[in-house]
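The values are calculated or read from the model by the stated rules, or taken from the named source; none is laboratory data. Given the structure is predicted, the values throughout are model-derived calculations rather than measurements. Cβ atoms come from the backbone with ideal geometry, glycine included; neighbour counts cover every protein chain shown. For accessibility, only protein heavy atoms count, side chains too; no ligands or nucleic acids. Shrake-Rupley method; radii C 1.70, N 1.55, O 1.52, S 1.80 Å.
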Amino acid sequence: MSKPLRALLLALVLPFAAAGASAAQASDTSSAQIRTHPPGTAIASGHALATKAGMDIIRAGGNAFDAAVAVSATLSVVEPISSGIGGGGFFLLHDAKTGKDIFVDARETAPASATPAAYLDEKGELNRDRATNGPWSAGIPGLPAALVHLAQNYGRLPLKTTLAPAIRLAREGFEIYPRLERGYASRRAVMERYRGTRAVFLADGTPPMTGEILRQPELARTIELIAEKGFDGFYRGETAKKLLAAVKEEGGKWRIDELTGYQVKEREPLRFRYRDWDITTAPPPSSGGVALAEMLQILEGWDLSKLDEAHRHHVIVEAMRRAYRDRTIYLGDPDFVKVPMRRLMSLDYAAGLRATIHPEKATPSELLPGVPAPLEDDETTHYSIIDADGNRVSATQTVNLLYGSGLVAPGTGVLLNNEMDDFALRPGTPNAFGVMGFAANAPEAGKRMLSSMTPSFIESKDRIAVLGAPGGSRIITEVLVGILGYDEGLNAQQVAALPRFHHQWMPDAISAEKGAIGPAAVSALEAMGHTVNAAESPWGNLQTVSWNKRTNTLEGGTDPRNPVGSAEVVDSRIP
Ligand code: GLY
């Protein structure tokens, strides 16, 4: 890492040092033996109440998967701006008992009504209101099915126990924080179209304000039904009827069999190697793992620590550009389209792409229309867990844009997602994140929309880390920067704080947080032909935990950009 970058990193980390957590067990290192189990549990999430809910479940005798259910459901209650049981997510699991890694795909699916034509206006242009607001923007939710799947297949405790913290917080309420208030203000015009949404967010007649308590009694009842009846508590019976009625009332079309037929899918995670690290990450319908593999396998050709700041950014950006181009063209739901995985994951392909990178010159992206990706960090959320048995969870969940579709189904408290915008609803037209797609990601009944969510594990001889982030199309580059940070030997809190930069092929420009690239390097990059937006507001919300197998140290890292996030480490096994 260059000196300016390191100085900036320290400036970012120091004020927030208390936000991270670590449990050092041993001071000497090199000769210490490799441990087979962590000393305790580490959890990092986007909200302290969710991290605490997870730790409480560990204290109650649960494992990492039980804790994941508690964290996930609690985030659904206290971060409705980012994720919820009306949305979906990806859960990467490591089951220490079997040694297996499992990817649980709980992505939303398209209802049959969601044909491409349904999203075009009379001029054949994308109807952006339909794509991002209200019932047409919502896919069939996957998160409730994932909670049930995790509890039934991997947990030790009943859902009644693991969902209890979320039910209590929904019923008794929690304190509204600035991000919720700000996000509501920006989505207010849409949200207040819907009576179910008004009943939750305007219950006292005024919009949510920081410091007030938000109570969601109907959501509490809906989660209680999942705790009592499992899958049927959401996808059949009273909740399902109310969801269908809400979609119909607002002019959309869902069928009951689309709810009853929803299934989570267990998929084989992607695996590849970068330097000393074995990386396990998200397969399609996430684009994250493939793009991450392409980028890191391209970058394997350089010793990044030996490059000056400008050239380091140059080669990383050129790797990003190439991976995002492939994302746009080839990736989609593998149950519907043939994704050329062998090619995209191959070292030879990466070597070919590497050879096209000029050491001193930017490669111009093709001149296709692009729009700037919005600066956002509030959509989507991630949490990371390691427990004392060595189980791991890396989970990213979402309702897509701020407060999803804005539509709460009356009587349920369930805020529906607006994930349909992650499909290429109109080929070649950028979505809200400024990324495009073509046939591979066109909507079809039952298909899962392409995602950028990249929950990941990385493992070297000495260290294991669990990481992931929200950030729309920027998720993948956030995770990339995090992995490069771990590779440089940073601790979990430093990794969460790292300055960010991003390139997604289109638009053809580098986005960088203010100060992430020093002024001299910006000038050098511009001289190579890059466009650099070097003073963007901070983005992202990376949550990570790590375990050093040699020092037997657990660490948590929570993104200092999110003041309500938290990382907790309990450094002893809880009986
Ligand atoms: N909705 C953001 C993503 O899945 O990539």
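Quick look at the numbers
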{"read-out": "Candidate set: segment 423-435, residues that are small (Gly, Ala, Ser) and within 16 Å of the ligand (Cβ to nearest atom); chosen: the one surrounded by the fewest Cβ atoms within 10 Å (Cβ to Cβ)", "value": "GLY434"}
{"read-out": "Conditions (1) open to solvent by less than 10 Å² (accessible area, probe 1.4 Å); (2) under 21 Å from VAL317 (Cα atoms); (3) under 19 Å from the mean Cα position of the chain (by Cα); (4) more than 14 Å from the ligand (Cβ to nearest atom): number failed by ILE510", "value": "(3)"}
{"read-out": "Which listed residue, of ALA432, ALA440, is in a helix (DSSP H, G or I), more than 19 Å from GLY142 (Cα to Cα) and in contact with a Leu (Cβ under 7 Å, 6 or more places away or on another chain)", "value": "ALA440"}
{"read-out": "Condition met for ARG267 (in contact (Cβ under 8 Å) with a residue 40 or more places away in the chain, among the charged types (D, E, K, R), closer than 29 Å to LYS100 by Cα and surrounded by fewer than 22 Cβ atoms within 10 Å (Cβ to Cβ))", "value": "yes"}
{"read-out": "Total residues in segment 209-241, condition in a helix (DSSP H, G or I), of a type in the set (Val, Ile, Thr) and farther than 18 Å from TRP254 by Cβ", "value": "2"}
{"read-out": "Every pair of residues 6+ apart whose Cβ atoms lie under 8 Å, when the first sits in segment 63-88 and is farther than 25 Å from VAL190 by Cα while the second is basic (Lys, Arg) and crowded, with 24+ Cβ neighbours inside 10 Å", "value": "ALA64/ARG392"}
{"read-out": "Residue tally, condition more than 27 Å from the chain's Cα centre (by Cα), under 30 Å from PRO364 (Cβ atoms) and surrounded by 18 or more Cβ atoms within 10 Å (Cβ to Cβ), over segment 529-556", "value": "1"}
{"read-out": "Residue within segment 102-124 that is charged (D, E, K, R), open to solvent by 10 Å² or more (accessible area, probe 1.4 Å) and touching a helix residue (DSSP H, G or I) at 6+ places or on another chain (Cβ under 9 Å) present", "value": "yes"}
{"read-out": "Residue in segment 436-458 that is among the small types (Gly, Ala, Ser), within 16 Å of the ligand (Cβ to nearest atom) and modelled with pLDDT under 95 present", "value": "yes"}
{"read-out": "Count of residues meeting criterion [out of contact with any strand residue (DSSP E or B) (no Cβ under 9 Å at 6 or more places or on another chain) and in a loop (DSSP other than H, G, I, E, B)] in segment 401-422", "value": "7"}
{"read-out": "Scan of segment 77-101 for residues that are farther than 16 Å from THR281 by Cα and crowded, with 24+ Cβ neighbours inside 10 Å, ordered by number", "value": "VAL77, VAL78, GLU79, PRO80, ILE81, SER82, SER83, GLY84, ILE85, GLY86, GLY87, GLY88"}
{"read-out": "Some residue of segment 317-329 being under 30 Å from GLU266 (Cβ atoms) and not in a helix (DSSP H, G or I)", "value": "no"}
{"read-out": "Subset of segment 404-422 [open to solvent by 10 Å² or more (accessible area, probe 1.4 Å) and within 12 Å of the ligand (Cβ to nearest atom)]", "value": "ASP422"}
{"read-out": "Which listed residue is crowded, with 23+ Cβ neighbours inside 10 Å, of a type in the set (A, V, I, L, M, F, W, C), more than 27 Å from GLU459 (Cβ to Cβ) and in contact (Cβ under 8 Å) with a residue 40 or more places away in the chain, from ALA524, ALA496, ALA516", "value": "ALA516"}
{"read-out": "Residue that is in contact with a strand residue (DSSP E or B) (Cβ under 7 Å, 6 or more places away or on another chain) and open to solvent by 10 Å² or more (accessible area, probe 1.4 Å), where the choices are GLU192, GLU212, GLU181, GLU175", "value": "GLU175"}
{"read-out": "Residue within segment 144-157 that is open to solvent by 10 Å² or more (accessible area, probe 1.4 Å) and polar (S, T, N, Q) present", "value": "yes"}
